[in-house]
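So the structure is just underneath, and the comments pick up after that.
The values are calculated or read from the model by the stated rules, or taken from the named source; none is laboratory data. Remember, it's a predicted structure, so these values are computed and weren't measured experimentally. Quick reminder, even Gly has a Cβ in these numbers, built from the backbone with ideal geometry, and neighbours come from all protein chains shown. Accessible surface areas use protein heavy atoms only, side chains included; no ligands, DNA or RNA. Shrake-Rupley method; radii C 1.70, N 1.55, O 1.52, S 1.80 Å.
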Amino acid sequence: MRDHTDAWTIEYVEDLRRRTENELIYAETCDLNSLLSIREFASKWINATVPRRLDMVLCNAGILSPPFSSRRQTIDGIEKHWGVNYLAHYHLIRLLSPAIRSQPPDRDVRIIFTTCALYAIGNLSLTEATSSWSAFGTSKLALMSSAQMFQREFDQHRRSDKAHNNIRVYCVDPGLVRTPLLRSFISFGTISGLFLYLILWPLWWVVLKSTWRGAQTILHCAMSPVDYDKRGENGWVTAGYYRDCKPSR
């Protein structure tokens, strides 16, 4: 697992600094496999001597185990899809909520959760998922539900200066992207499956998006101007759901 002391991470941050001419870029470690690590990260961020500016939180990390693989757990003994894909992000935003709400009213704060169409097969009942894709879909469904809850909570918050809360929550579906995560799932996590994946590479090239194309909807929600004319008297009420750089249902 990489952290902020990893040689690759250090070189990547230095490269970003050179390309952007911004020496304020840095990295910190937050292990989503551990609720304690998340709490330590959030506490360190909130308790900084100089209050930190917060413009955006992008909750993009996740796992998808190969089909028919054995059940895995986080450090806390939680089923890994549920723990990393949902609970870790929920815990992080919950801890950062006071800092998010305290940002100046003229600051455009955005929280972006990446999801997947597999949320449609998710089931939020208390019974444990019987397959990796079902567990993945359930975790994404829970994440989208928490996004709706966070948006309502931010809308209902009353600032002491009586200003509006310019906090927007998004759920983004980047589509099926040619990532190592999906490759491991399609190949069943086996050498023979990987060999078949390579044979069918022309098909995947056509059917699946490149990482560049997959990132466009995330970048759209991160950088496009927010149309505040669409915000009602009670706020946004619901989190935005975007696919292919446009609102979806």
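Go through Thr211, Thr217 for me and flag whichever is under 24 Å from Asp55 (Cβ atoms), at pLDDT 90 or above, of a type in the set (S, T, N, Q) and in contact with a Pro (Cβ under 8 Å, 6 or more places away or on another chain).
Exactly one residue qualifies, and that residue is Thr217.
How many residues are in contact (Cβ under 8 Å) with a residue 12 or more places away in the chain and either among the charged types (D, E, K, R) or open to solvent by 100 Å² or more (accessible area, probe 1.4 Å) (or both) when one looks only at the stretch 1-11?
Of the residues in the stretch 1-11, 2 are in contact (Cβ under 8 Å) with a residue 12 or more places away in the chain and either among the charged types (D, E, K, R) or open to solvent by 100 Å² or more (accessible area, probe 1.4 Å) (or both).
Before we move on, is Leu95 open to solvent by less than 40 Å² (accessible area, probe 1.4 Å), outside any loop (DSSP other than H, G, I, E, B) and at pLDDT 90 or above?
Answer is yes for this residue.
So, in the stretch 72-112, exactly how many residues are in contact (Cβ under 8 Å) with a residue 60 or more places away in the chain and either in contact with a Gly (Cβ under 8 Å, 6 or more places away or on another chain) or more than 15 Å from Asn165 (Cβ to Cβ) (or both)?
4
Kindly indicate the residue of the stretch 225-248 that is among the charged types (D, E, K, R) and in a strand (DSSP E or B) and also nearest to Ala215 (Cα to Cα) among those meeting that condition.
Across the stretch 225-248, the extreme among qualifying residues is Arg243.
Given the criteria crowded, with 17+ Cβ neighbours inside 10 Å and of a type outside the set (Val, Ile, Thr), does Leu194 qualify?
Taking the combined requirement at face value, the residue does not satisfy it.
Residue by residue, here is whether (1) among the hydrophobic types (A, V, I, L, M, F, W, C); (2) more than 24 Å from Ala147 (Cβ to Cβ); (3) touching a Leu at 6+ places or on another chain (Cβ under 7 Å) holds:
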position: Leu16; (1), (2), (3): yes, yes, no
position: Arg19; (1), (2), (3): no, yes, no
position: Tyr26; (1), (2), (3): no, yes, no
position: Ser34; (1), (2), (3): no, no, no
position: Ser37; (1), (2), (3): no, no, no
position: Phe41; (1), (2), (3): yes, no, no
position: Arg52; (1), (2), (3): no, no, no
position: Met56; (1), (2), (3): yes, no, no
position: Gly62; (1), (2), (3): no, no, no
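Would you call Arg52 open to solvent by 30 Å² or more (accessible area, probe 1.4 Å), in contact with a helix residue (DSSP H, G or I) (Cβ under 8 Å, 6 or more places away or on another chain), of a type in the set (Lys, Arg) and outside any helix (DSSP H, G or I)?
yes
Taking the stretch 143-199 only, how many residues are touching a strand residue (DSSP E or B) at 6+ places or on another chain (Cβ under 7 Å) and of a type in the set (A, V, I, L, M)?
Result for the stretch 143-199: 8.
Within the stretch 31-46, is there a residue that is in a loop (DSSP other than H, G, I, E, B), open to solvent by 60 Å² or more (accessible area, probe 1.4 Å) and of a type in the set (D, E, K, R)?
There is no residue in the stretch 31-46 that is in a loop (DSSP other than H, G, I, E, B), open to solvent by 60 Å² or more (accessible area, probe 1.4 Å) and of a type in the set (D, E, K, R).
When you look at Met149, is it free of Cβ contacts under 8 Å to residues at least 40 places away in the same chain and under 22 Å from Val226 (Cα atoms), yes or no?
yes
Quick one: which residue in Arg71, Arg17 is surrounded by 12 or more Cβ atoms within 10 Å (Cβ to Cβ) and either assigned to a helix (DSSP H, G or I) or at pLDDT 90 or above (or both)?
Arg17
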